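Visitor: Have a look at the structure that comes next, please.
Only the coordinates and a few stated rules stand behind these numbers; no lab work does. Predicted model, so just to flag it, every value in this text is computed and none were measured. Reconstructed Cβ throughout: ideal geometry from the backbone, glycine too, with neighbour counts over all protein chains shown.
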2 protein chains.
Amino acid sequence: MAHANSQVLDVEGSTNGFVRTLPELRTPFLIFLGDVQSNVLAKTGMGVHHWRPERCLGQLRLDGCKADLGLPDMTVAKAVEAGAGSLLLGAAPDGGRIYDHWLPVLREALKHGLDIVSGFHTKLADNPELVALARENRTKLIDVRVPPDAIPVATGRRRSGKRLLTVGTDCAVGKKYTALALEKGLQQREIDAQFRATGQTGILIAGRGIPMDSVVSDFLSGAAEQLTPDRAPDHWDIIEGQGSLYHPAYAAVSLGLLHGSQPDVIVLCHDVARATIDDYPDFPIPDLGACVSRYLSLARLTNPDVRCAGISLNTSSLDECEKREAVRQVSLATGLPCCDPVAHGVDILIDSILLDR
Amino acid sequence: MAHANSQVLDVEGSTNGFVRTLPELRTPFLIFLGDVQSNVLAKTGMGVHHWRPERCLGQLRLDGCKADLGLPDMTVAKAVEAGAGSLLLGAAPDGGRIYDHWLPVLREALKHGLDIVSGFHTKLADNPELVALARENRTKLIDVRVPPDAIPVATGRRRSGKRLLTVGTDCAVGKKYTALALEKGLQQREIDAQFRATGQTGILIAGRGIPMDSVVSDFLSGAAEQLTPDRAPDHWDIIEGQGSLYHPAYAAVSLGLLHGSQPDVIVLCHDVARATIDDYPDFPIPDLGACVSRYLSLARLTNPDVRCAGISLNTSSLDECEKREAVRQVSLATGLPCCDPVAHGVDILIDSILLDR
């Protein structure tokens, strides 16, 4: 993965084995949402704003943008005046590529002295014009979605410590949110737990991780093993899931992460508003019970003792009364603990996670 | 995937969409086997020698090498004298990396005017010393395992034409061999069929393809869709499988290829000599019936009509009488047609593949 220009930019940070730690980012962020058509497609911005609000100053949206973080809208110039340190690319369209018509905003940001932080597959460092502008203006281009080099092939060896992986019926249903909420909840009970980021937004929030979806496929499970090495026996790695086994494009990423992370416990995440896979209307969301069975059955390859602690339900589309009813129905149908972490917290899931202590 | 040096080397060949066609290779080959410990770990050399014997001149083995293609052993100098055009790296150790102690042979080959052809993850073009030597000696470095750039994300859309995918209980059990034998057998019955290569050896044999295991994982199923686009309704794409759903390191590659290639028919390949996954003694080879069920169940996501046409059994470890008995037992146990393509041909599988015409 020779990114020819990366050596001129301070993008390395430190590494702990194969897990890259980001350099200190210049905050606060002006979050650029482009012209994406929903908040789901702005999930990087949404995630950073939710979990690190103190780092977020404003949002910049192009005409026709339908995402909204609830932050003040600002031009680049206004944001710089207000003290912004970086333009953070907060949109996350499918395929993870930066659109050409977004480039004028990126150029403007560099000219105004902002760093740019990106989690896209398209590398800022591969754009000679942006690299030249960054040099000229002594600003930095920070690509977050760069996998480590020379990842070893997975060994399948069982490791010490406890592992939890959030899995999903689809992309963008709450796997990262649930993992972060579980980390917080476990820590509040004085359990030694740490969130392990596997995607660009998670890495921006945690400051470190491995972007699984940009790892070369032969090394995917090996990367997941490196992310969650041997730990103290009572330590919990709370691993952010990726994609879904039911997604026609991304199931391979989900399976490689499932096998390499060897979870002791999975939590299934689901958005009640979804009837079909997002952007794939021919692909129905699976029955939740069948979905749990499939995840467990495939996870047993590397951890025969895996169990499902419950369902994390995204009910943001429902009113309070409907939320309670949806949670009750899912719990009845699957026989598993269920909650909406945003609406009701994750206590019931944590009780279930800690059951076999 | 910026391979900084690739523009100075004639490695591009032409492309048909995202499927790269290799440039004309200088034959015959001196096949370098390094010091690998079995023929399984020399499968690139084995495959090229079996399917393209007219291109193979000799083999070069280091002290302690336990692989043997049955070709005359030659030094680089002897091979050049005998008319060799290229040194082909025929070893295929796990992880696909070129060992440092092999480099003296590579340097010697370039100094003697041979091109080098490699299917390794480690790129020849990323080794400055080899690049300099190739320039000096006007020879070429040809990296076969380079995925196309900017592969689209999979759409999951059904495509016209028929598709067959060989799948496996493990790596290196006969998936490529079976696919090539089926292509040949179908063509002999005047069926319009073409082998689609997904690994470095297959690409060397066919002269084109996409190396699935080196595709970035987000684009794996998309790459499989590009490899097998819309075809004439009666055309068969015979797709080389990769890895195994039961392999702790490579199952993700298998699943991405399964979903993207949308097979109408799968053929399960198995080596009767394997009790556990090669090099993973803690991972048992699955029951064949359960294995067929799992492949079909996961394949149905993108092609609900998929069926299994039969089992391709590698019985190379058995004598003739045992071979027949093994085939009979597997057929009885699974209720599926079964044969050893090397020992008995693939007629019985082809009958089954063409059943629903």
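Visitor: Provide the per-residue ³J(HN,Hα) series for the stretch B:38-54, in order, calculated from phi with Karplus coefficients 6.51, -1.76, 1.60 and θ = phi - 60°, each as a whole number of Hz, with x at glycine and proline positions.
Guide: Values per residue, Gly and Pro as x: 6, 5, 4, 7, 10, 5, 5, x, 4, x, 5, 5, 5, 8, 9, x, 5 Hz.
Visitor: Counting other Cβ atoms within 10 Å, which GluC sites (Glu not before Pro) in the stretch A:172-259 have at most 16 and lie in a DSSP loop?
Guide: Hits after loop and neighbour filter: A:Glu190.
Visitor: Please give the average number of partner chain Cβ atoms lying within 10 Å of the Cβ of each residue in A:241-250, rounded to a whole number.
Guide: Partner-chain Cβ atoms within 10 Å, mean over residues of A:241-250: 5.
Visitor: So, one more: Would you pull out the residues with amide H under 5 Å of A:Ala193's amide H, same chain only if 5 or more places away, H placed 1.01 Å from N?
Guide: Answer set, sorted by chain and number: A:Trp236.
Visitor: Partner chain Cβ atoms within 10 Å, averaged over the residues of B:252-264 - can you pull that number for me?
Guide: Per residue, the average neighbour count from other chains is 5.
Visitor: Could I ask something else about it? Every other copy gets compared here: list the nm distances from the B:Gly335 label point (7 Å along Cα to Cβ) to its counterparts, shortest first, one decimal.
Guide: 2.7
Visitor: For each pair in B:Lys123/B:Lys175; A:Lys162/A:Lys323; A:Lys176/A:Lys323, compute the distance between the two Cα atoms and list the pairs where it is over 22 Å.
Guide: Those over the limit are B:Lys123/B:Lys175; A:Lys162/A:Lys323.
Visitor: Also: Find, among the chymotrypsin sites (Phe, Trp or Tyr not before Pro) in the stretch B:99-142, those assigned to loop by DSSP (not H, G, I, E, B) with at most 14 other beta-carbon atoms within 10 angstrom.
Guide: B:Tyr99
Visitor: Turning to a different aspect of this structure: In terms of modelled amide H atoms, which long-range or inter-chain residues lie less than 5 Å from the amide H of A:Arg231?
Guide: Here the answer is A:Ser160, A:Gly161, since their amide H atoms fall under 5 Å of that of A:Arg231.
Visitor: For a quick check of your reading of the filter: which trypsin sites (Lys or Arg not before Pro) in the stretch B:125-217 sit in a DSSP loop and have no more than 11 other Cβ atoms within 10 Å?
Guide: For trypsin sites (Lys or Arg not before Pro) across the stretch B:125-217 that sit outside H, G, I, E and B with at most 11 neighbouring Cβ atoms in 10 Å, the list reads B:Arg138, B:Arg189.
Visitor: Suppose every K and R has +1 on its Cβ and every D and E has -1 on its Cβ; what is the size of the dipole of the protein assembly as shown about the Cα centre, in Debye to the nearest 20?
Guide: Charge dipole, the protein assembly as shown, about its Cα centre: 260 debye, nearest 20.
Visitor: Applying the Karplus parametrisation 6.51 cos²θ - 1.76 cosθ + 1.60 with θ = phi - 60° to the phi angles of the stretch B:318-335, what ³J(HN,Hα) value in whole Hz is obtained for each residue in order, glycine and proline being reported as x?
Guide: So the J values, rounded to whole Hz, are 10, 7, 4, 5, 5, 4, 4, 5, 4, 4, 4, 4, 5, 5, 4, 5, 9, x.
Visitor: Across peptide A:218-229, what mean number of C-beta atoms from other chains lies inside 10 Å of a residue's C-beta?
Guide: Average per residue, whole number: 4.
Visitor: Between the stretch B:137-151 and the stretch A:299-357, what is the separation of their alpha carbon centroids in Å?
Guide: 48 Å
Visitor: So what is the relative contact order of chain A, in percent, for Cα pairs below 8 Å that sit 6 or more residues apart?
Guide: Averaging sequence separation for qualifying contacts and normalising by length gives 15 percent for chain A.
Visitor: Quote the charge dipole size of chain A about the Cα centre in Debye, to the nearest 20; the model charges only the Cβ of Lys and Arg (+1) and of Asp and Glu (-1).
Guide: Value, rounded to 20: 620 debye.
Visitor: For chain B, what does the helix formula give at 222 nm: sum of -39500 (n - 2.57) over DSSP H segments with n ≥ 4, over the residue count, nearest 500 deg cm²/dmol?
Guide: Per the formula, -9000 deg cm²/dmol.
Visitor: Evaluate the charge dipole of the stretch B:214-357 about its Cα centre and quote only its size in Debye, nearest 20, assuming +1 on the Cβ of each Lys and Arg and -1 on the Cβ of each Asp and Glu.
Guide: 300 debye
Visitor: In whole Hz, what ³J(HN,Hα) sequence does the stretch A:133-138 give by Karplus (6.51, -1.76, 1.60; θ = phi - 60°), x for Gly and Pro?
Guide: Once rounded to whole Hz, the list reads 4, 5, 4, 4, 9, 6.
Visitor: Still on this structure, please answer the following. Just want the answer: with Cβ charges of +1 for Lys and Arg and -1 for Asp and Glu, which residue in A:Phe32, A:Val117, A:Ala132 is farthest toward the dipole's positive end in the stretch A:6-143?
Guide: Of the options given, the answer is A:Val117.
Visitor: Here is a further query. In terms of the Cα gyration tensor, with a ≥ b ≥ c the square roots of its eigenvalues, is the protein assembly as shown rounded because a/c is under 1.5, prolate because a/b exceeds b/c, or oblate?
Guide: Since a/c reaches 1.5 but b/c is at least a/b, the shape of the protein assembly as shown is classed as oblate.
Visitor: Using amide H atoms built in the peptide plane, which far-off residues or other-chain residues are under 5 Å from A:Gly168 H to H?
Guide: It is A:Leu245, A:Cys269, by chain and number.
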